[in-house]
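So the structure is just underneath, and the comments pick up after that.
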Amino acid sequence: MAQRNCTYRLSELAEKLDGVIQGSDGTIFGLNTLEKATQEQLSFLANPRYVSQLTSTSAGAVLVTPEMADQVTGTALIVDSPYMAFAKVSQLFDWRLDDESEGVHPSAFVHASATIGSNVTVGAGVVVDANVTLEDNCIIGPNCVIQAGSIVGQSSRLEANVTLYPDVVLGQNCLVHSGAVIGADGFGFAPSKQGWVKICQLGGVRIGHSVEIGANTTIDRGALDHTYIGDGVKLDNHIQIAHNVVIGEQTAIAGCTAVAGSTKIGRHCTIAGHCGITGHLTIADHTHITAMSLISKSITASGQAFSSGTGQEKHSDWKRNVVRFRQLDDMARRLKQLEQKIDNLSIEGLNK
Amino acid sequence: MAQRNCTYRLSELAEKLDGVIQGSDGTIFGLNTLEKATQEQLSFLANPRYVSQLTSTSAGAVLVTPEMADQVTGTALIVDSPYMAFAKVSQLFDWRLDDESEGVHPSAFVHASATIGSNVTVGAGVVVDANVTLEDNCIIGPNCVIQAGSIVGQSSRLEANVTLYPDVVLGQNCLVHSGAVIGADGFGFAPSKQGWVKICQLGGVRIGHSVEIGANTTIDRGALDHTYIGDGVKLDNHIQIAHNVVIGEQTAIAGCTAVAGSTKIGRHCTIAGHCGITGHLTIADHTHITAMSLISKSITASGQAFSSGTGQEKHSDWKRNVVRFRQLDDMARRLKQLEQKIDNLSIEGLNK
Amino acid sequence: MAQRNCTYRLSELAEKLDGVIQGSDGTIFGLNTLEKATQEQLSFLANPRYVSQLTSTSAGAVLVTPEMADQVTGTALIVDSPYMAFAKVSQLFDWRLDDESEGVHPSAFVHASATIGSNVTVGAGVVVDANVTLEDNCIIGPNCVIQAGSIVGQSSRLEANVTLYPDVVLGQNCLVHSGAVIGADGFGFAPSKQGWVKICQLGGVRIGHSVEIGANTTIDRGALDHTYIGDGVKLDNHIQIAHNVVIGEQTAIAGCTAVAGSTKIGRHCTIAGHCGITGHLTIADHTHITAMSLISKSITASGQAFSSGTGQEKHSDWKRNVVRFRQLDDMARRLKQLEQKIDNLSIEGLNK
C-alpha cells in the first residue's frame, strides 16, 4: 500500500472548507488534538469543555466558530461548524487512502465467471467465487472471501479477512472492516423429538450505499426474504444483525449491540453500545436507545429515548439494593396496605 | 460453487412431506413468505397471527394444518406440522448445498501427515496442519486454518475463514460459520507481584455430532481437561464459550451470550441472546433464560425460566426510577418502620 | 507444527519450582485435575473446596502448600503457592510451544520493504505489507494480514487469521489470538443534513509488552492520537476497545466487555465479562467491576468494586418485580407521604 502525501497550505484548506484565516498562512502536515498538536498541525475546538486549551495549544492553526475566534491566541481557521470541518479535513489527511489500483494480486483466486470492473484492487490470498461482480474502483483487502453471486458496489472497500457468503449485495461507497461476516445463516431451527431441525436460510443480504460495517460485525442472511441495511447506516464492531432484520437509512449502532430476527429499525435512530433488541419488533424513526438497554417492545412514537438497567453503584451498596429488588412486589403490596390502614385511621376521625 | 437445481412438482413435495394436496398440482421453484410468494413459490402458515394473509397471498401453494385447510383460497399442502414441513422443505430448496466434491484446491496447503477422506472439498487458501484428519464428505471453506491433530468429522462443513486450533475434535454433520475460532486459549492467569503469569491451556475441545456454530463465535480450549459441546447443540453468532465449559445435548444459545469458565449447562436448555453466565455454575436440563439476563447462581431444578434486568422504559421515566433503585434499601427500612409505627398505633387502641 | 516432548522427572520439576518432594520420585508425562489425573500425571490443590479429592486422586504427585502436605496420601510436591507453581509447570508442559523457527512459508506474501528478524516463523497464506517489521523470534500464524508500517515485537506471536491494520505497534512477548482485529477505524462520524460524514481515523494503536489479546477481540485505531494498551494487559475474547482508549498496566478484562471511546482505565483493574464502559470516563487503578455491569461515571477512588443490574430471579418472580421497578418513583413518593401522615398523627398527640 502506497502512502499518500498529505501536506497542504492553510489557505488551501481554508478554501476547501469555506473558512477564513485569522492570522498567518503556513504549511500543515497533519491533524492533532489541541493538547498534542505541534506548529505543523491543525487542530479544532468542537467541545466547549476544551476551550481552556485554546491558549495553551501549540497547534499551527485551530478550527473554531466565529464566536470563539477572538479566544485563539495563534492562528484561527474560522468555519461555521468546526466538527464538520474536522470531519472533512480528516479525509484530506487520511494517509491510508490510495486511489491507485494495484490490480489483482497473483496469489488471489478469481473464478472465471466473476466480473471485475475497472480500477479494482484485489489483495493477496483473496478468493472470488463464481458469478461474483466487483464493480469499478472496488478495493478487496487480503484474504477476503467473496462467495457465489455476491456483488460489491462501485468504490466500496472490504478490509482484510472479510467474508461475504453467497447472494450478498453491497451498494456503492461502502466500507467493511476486517473480520466482518455478511450472509451467514440466520439462527433458525424447528424443534422435534429427535432434536433441532435446521431451517435452511434461503434469503440473502441487501446493503445500501455508504454503509460502514465494523470489525467482526455479523449480518445474517434472511430465511426466505433478505436482510436489509439502508443507505448511510453505520454499524460499529461486534454487532449482531439477525436474519430478516431491516435497518432504516442513516441509523447508527454502536459496538456489541445485537438485533434479533425480523425486527425493523427505523431511519435516523441512534443505538448505543451493548444493547439487546429482541425479535419481531418495530422501532420508530429517530429513536434513541442508551447504552446496555434491553428493548423488548415495539416503539411506535418517533423521536423518543429509551433505557433500561439499574445504573452503576458501589458493589457494597448494590448488594443491599439488589436484595430489595427481589422484594419489590412485596414492598409495593405492603405500602398499599399501609396506605389503607392510614386511610382507615383518618376515617375513624383520628386525623382531622 | 455450483448451484443445485431446486425445482419440484408439488406432488413430489407432498410425498416427501407426507402431506395431502388440496387443489391442483404444479411446479414449485422456491419458497417465500405469504406476503411475497409468487405463483411459482410455496409458502407456509405456522404462526396464527398471519392467518389473514391466507386470502391475500399469491403463493402457488401453502403448507397448513388440516384445521386451517378450508381457509386457503388457492392450493393447500396439508401437513401435521407446517413449521416442521417448512424446515424440511427449506433443505430441499437450499440452492447453496452441493454434494459434488471439488477436491483440494491447488492453493490450499495440506501437510503431508494429514489424512483426507474421500469426497472431501478443501477450498482455496486453506491450511491443514500436521496430523489433521478430514473425514469423508467434509467441506472446508476458503482460507480456513486447521491446526495440528484436529479432526473434522464426516460430512461436517467449515465455512470460509474458520480457525481450529490444535486438538479440536468436531463430530459428524456439524456446520461452523465464518470467523468462528475453536480452541483458542482459555483466559487463565495467576497473579504475582511481577504481574499475571500465564496458565498454559493444555486441554482441547470436543464437539459432538450435528452441532452448529455461528459466525465469529469462540469456544476456548480447556486448561487441563477439554471443553465439551454435546450432540445437537446450536450456537448462534458472537457467542463466547470459555475453557472447560460443558454444554449438554440439544441446548440452543442465541447470539452474544457468554458462558464463563467451567460452567456446566444441561441438556435441552434454551438461552436467549446477550446473556451472561458466570463461572463454575451448574445449570439444570430444560432451563430457559430470557434475553440479556445475568445468571450468577447454579440452577438445580429443571424446566424453569430465569430472568434479570429492569425492562425497557422511556429514558425520562427510567432516570427517575433508577435514582430510587439506589434508595431501595433505605426505602425498605423506612417501610418497615412505618409498619411498626402503625402497629403501635393499633396496639394503643386507636385502630379498632 | 512439531510437538515438544514434555516429560520430566518429578525431582526435575521440584528443582524448577523450588519445591520439596514428600514421597518417591517418578516420571511425569502431563498435568491434570485431581479428579482425572493418572499415575503419570501431576495435579495441584489451590482451592480448599477440592481438599477431599486429595485422598481419592490417582495423581502421581500433587502440588500442595506445606500446611496441606500431611493430607496427601500419595506423593506431594510441596511449594509455597500451588497455583503459581501450576502456572509455571503448565508452561513446561505446553506441547504446542515450539521454539524452532519454520521460516517464511513459500505461500506467504512478504513485501520487499518489510524487515524480518532472525528466527521468525511466517505461516502459509500470511500477507506482510510494506515497511512492516517482524522482530526476532516472532511467530505469525497462517493467513494473518499485517498491514503497512506495523511492528510485531520480539518473541510475540499472532495465531492464525489475525489482522493488523497499518500503524499498529505490538510490544515484545505478546500473544494475539485468532480473529483479533487491531487498528480498524474507530466509530467516528459527524452528523449533517446529508447524513453521517466520516471522520477518518488517523491515529494508530500502541500495545505494550506481554499483552495477551483474545480471539475475535477488536482494538480500534485512534482518531488523532493513538489507542494505548499498557504492559501486561490481558484481554479475553470478543472484547471491544474503541478509539483512543487507554488501558493501564496489568489490567485484565474478561470476555465480551466493551470500552467506549477515549475512556482511560487505570492499572491493575479487573473487569469481569459482558460489561459496558461508556466513553470519556476515567477509571481509577485497582478498580474491580463485576459481571455485566454498566459503568457510566468516572471512578476516582482506587481499589473499589462496582456493580449494576438486578441479579437473577425466576422469571415469574422477576415479572412481578420488574413491574414495580417502573413504579419505584411513585412508591418512593407515597412512602414519603405516609411518613408525613404518621408524623402528623404523632404531632396531634395520638402516638405518645
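Averaged over its residues, how many other protein chain Cβ atoms are within 10 Å of peptide A:220-229's Cβ atoms? Before the final figure, lay out the partial values.
Values: counts 6, 1, 1, 4, 14, 4, 0, 0, 0, 0.
Partner-chain Cβ atoms within 10 Å, mean over residues of A:220-229: 3.
Residues with amide H under 5 Å of residue B:264's amide H, sequence separation 5 or more or different chain, H placed in the peptide plane at 1.01 Å from N; which?
Amide H to amide H, under 5 Å and 5 or more residues apart or across chains, residue B:264 pairs with B:246, B:281, B:282, B:283.
Counting only heavy atoms of protein chains, what accessible area per residue, in Å², does the range C:8-92 have with a probe of 1.4 Å?
Details: 4240 Å² over 85 residues.
Using a 1.4 Å probe on heavy atoms only, each residue of the range C:8-92 averages 50 Å².
Taking GluC sites (Glu not before Pro) as candidate sites, keep only those in a DSSP loop with at most 16 other Cβ atoms within 10 Å, then name the longest stretch of chain C containing none of them.
Working: sites that count: C:35, C:40, C:100, C:102, C:348.
No qualifying site falls inside C:103-347, the longest such stretch.
If you place +1 on the Cβ of every Lys and Arg, -1 on the Cβ of every Asp and Glu, and leave all else neutral, what size is the dipole of the range C:210-256 about its Cα centre, to the nearest 20 Debye? Kindly include the intermediate steps, with their values, before the conclusion.
Details: 2 positive and 6 negative charges, 20 e Å.
Dipole magnitude for the range C:210-256 comes out near 100 debye.
Which percent, nearest 5, of DSSP beta bridges in the range B:8-92 are antiparallel? It would help to have the intermediate numbers written out before the result.
On the way: 5 of 13 bridges.
Around 40 percent of the beta bridges assigned by DSSP in the range B:8-92 are antiparallel ones.
For the range A:177-188, in order, what is each residue's ³J(HN,Hα) by Karplus, 6.51 cos²θ - 1.76 cosθ + 1.60 with θ = phi - 60°, in whole Hz (x at glycine and Pro)?
8, 4, x, 5, 10, 10, x, 5, 4, x, 8, x
Which Cα, out of C:200, C:256, C:272, lies furthest along the positive dipole direction of the range C:184-291 (beta carbon charges, K/R +1, D/E -1)?
Of the candidates, C:200 comes out farthest on the positive side.
Taking Cα centroids, how far is the range A:131-180 from the range B:14-79 in Å?
That distance is 37 Å.
Express the carbon and sulfur contribution to the solvent-accessible surface of the range C:32-80 as a percent, rounded to the nearest whole number, probe 1.4 angstrom.
Numbers: 1170 of 2470 Å².
Solvent-exposed carbon and sulfur of the range C:32-80 make up 47 percent of the total.
Show me, for the range C:84-89, the HN-Hα J-couplings you get by feeding each phi into the Karplus relation (A = 6.51, B = -1.76, C = 1.60, θ = phi - 60°), rounded to Hz, glycine and proline as x.
5, 4, 5, 4, 5, 6
Select from C:338, C:175, C:164 the residue whose mean-square fluctuation is largest in a Gaussian network model of chain C (Cα-Cα springs shorter than 10 Å).
Maximum among the listed residues: C:338.
Residues of the range B:130-171 losing 20 Å² or more of accessible surface, assembly versus chain alone, probe 1.4 Å, please list them.
Those are B:142, B:143, B:145, B:147, B:148, B:159, B:160, B:161, B:163, B:165, B:166, which lose 20 Å² or more relative to the chain on its own.
Could you list which residues have their amide H under 5 Å from that of residue B:133, counting only those 5 or more apart in sequence or on another chain, with H placed in the peptide plane?
Those lying under 5 Å, H to H, from residue B:133 are B:115, B:150, B:151, B:152.
Let me make sure I get this right: for chain B, a, b and c are the square roots of the gyration tensor eigenvalues over alpha carbons, sorted descending. Under 1.5 in a/c it's rounded, otherwise prolate if a/b > b/c, else oblate. Which is it?
Oblate.
For residue A:40, enumerate residues with amide H under 5 Å from its amide H, sequence gap 5+ or separate chain, H modeled in the peptide plane.
Those qualifying (amide H under 5 Å, at least 5 residues apart or on another chain) are A:60.
May I ask you to rank B:294, C:42 by accessible area, largest first, using a 1.4 Å probe over the protein chains only?
Descending accessible area places them as B:294, C:42.
Considering only the other residues whose Cβ falls under 13 Å of the Cβ of residue A:227, what net charge follows from Lys and Arg at +1 and Asp and Glu at -1?
Details: positive: A:206, A:221, A:264; negative: A:167, A:185, A:220, A:225.
Combined, the nearby Lys, Arg, Asp and Glu give -1.
What is the mean number of Cβ atoms from other protein chains located within 10 Å of the Cβ atom of each residue in peptide A:32-45, rounded to a whole number? It would help to have the intermediate numbers written out before the result.
Numbers: counts 4, 6, 1, 2, 2, 1, 0, 0, 0, 1, 0, 1, 1, 0.
For peptide A:32-45, the averaged partner shielding equals 1.
For the range C:8-92, build the charge dipole from Cβ charges (+1 Lys, Arg; -1 Asp, Glu) around the Cα centre, then report which of C:53, C:73, C:20 sits farthest towards its positive end.
Most positive-ward Cα: C:53.
Pull up the DSSP beta bridges for the protein assembly as shown and report the antiparallel fraction as a percent, rounded to 5. Walk me through the intermediate numbers first.
Working: 27 of 220 bridges.
Just about 10 percent of them are antiparallel.
For the pair residue C:40 and residue B:192, what calculated FRET efficiency results from E = 1/(1 + (r/R0)^6), where r is the Cβ-Cβ distance and R0 = 41 Å, to the nearest 0.05?
The formula returns an efficiency of 0.90 here.
Taking θ as phi - 60°, what are the ³J(HN,Hα) couplings along the range B:209-214 by the Karplus curve (6.51, -1.76, 1.60), each to the nearest whole Hz, with x for Gly and Pro?
8, 6, 8, 10, 10, x
Computed on protein heavy atoms with a 1.4 Å probe, what is the summed buried accessible area for the chain pair B and A, in Å² to the nearest 100? Each step should come with its number before you reach the end.
Values: alone 19670 and 19660 Å², together 32620 Å².
Between B and A, the summed buried area is about 6700 Å².
At residue A:9 and residue B:343, where each label point lies 7 Å from the Cα along Cα→Cβ, what is the point-to-point distance in nanometres?
According to this spin-label approximation, the distance is 8.8 nm.
Decide, for the protein assembly as shown, between rounded, prolate and oblate: order the square roots of the alpha carbon gyration tensor eigenvalues as a ≥ b ≥ c, take rounded if a/c falls under 1.5, and otherwise choose prolate if a/b is larger than b/c, else oblate.
Taking the square roots of the gyration eigenvalues as a ≥ b ≥ c, the protein assembly as shown is rounded.
If you count, for every residue in A:285-298, the Cβ atoms of partner chains within 10 Å of its Cβ, what is the mean?
Values: counts 0, 0, 0, 1, 2, 6, 9, 16, 9, 11, 4, 6, 2, 0.
Averaged over the peptide's residues, the number is 5.
Determine the percent antiparallel among the DSSP beta bridges restricted to chain B, to the nearest 5.
On the way: 7 of 71 bridges.
Around 10 percent of the beta bridges assigned by DSSP in chain B are antiparallel ones.
Quick check for me: using +1 on Lys/Arg Cβ and -1 on Asp/Glu Cβ, what's the dipole size of the range B:146-231 about its Cα centre, in debye to the nearest 20?
Working: 5 positive and 7 negative charges, 53 e Å.
Around 260 debye, computed over the range B:146-231.
The values are calculated or read from the model by the stated rules, or taken from the named source; none is laboratory data. None of these values were measured; they are calculated from a predicted model. Please note: Cβ atoms are built from the backbone with ideal geometry, for glycine as well, and neighbour counts cover all protein chains shown. Protein only, heavy atoms only, side chains kept; ligands, DNA and RNA dropped before computing areas. Shrake-Rupley method; radii C 1.70, N 1.55, O 1.52, S 1.80 Å.
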